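Right, one structure below, let's go through it.
The values are calculated or read from the model by the stated rules, or taken from the named source; none is laboratory data. Just so it is clear, the structure is predicted and the values come from calculations on it, not from any experiment. Glycine gets a Cβ as well: all are built from the backbone with ideal geometry, and neighbour counts include every protein chain shown.
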Amino acid sequence: MVFDLIFGREREEDEDKEAFVEIDKTGEEGRKIQVRVESLEEYADTDRVQKLLREGNIVFLKIKPLRDKDLGELKRAVAKIKKTITAMNGDIVGVDENYLIITPEFARVFRGEATGQV
């Protein structure tokens, strides 16, 4: 016992007991992430895309139909979606000229070799 007091073993055990906190983990553990393939035919479709993003889906969005129809409407639609993604802290990236990949906060699109990140 005196040995333990000198070397502090008893004190370390007490500190370990206090430092360890059990956390009840509740949430979306078993939830599956969906990747939705959608098409942007007109500006009104942005509401549907925003709803999917808020629900936590990753959206692979085909923008060619709206681009062929009206480039101005496409720019407005992409700006609206981008504003939502920025507010949600998500990610958006163009693939080719015809597609966008849009992700909620928990996912990021890999754009090449990461520099300076560990």
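Data overview
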quantity	calculated
Failed item, numbered, when residue 70 is tested on (1) within 17 Å of residue 34 (Cα to Cα); (2) over 15 Å from the mean Cα position of the chain (by Cα)	(1)
First in region 89-110 and at pLDDT below 85, second anywhere and among the small types (Gly, Ala, Ser), Cβ under 8 Å, 6 or more apart	107/90
Meets criteria (among the aliphatic types (A, V, I, L, M), more than 20 Å from residue 107 (Cα to Cα) and either modelled with pLDDT of 90 or more or surrounded by 15 or more Cβ atoms within 10 Å (Cβ to Cβ) (or both)) for residue 71	yes
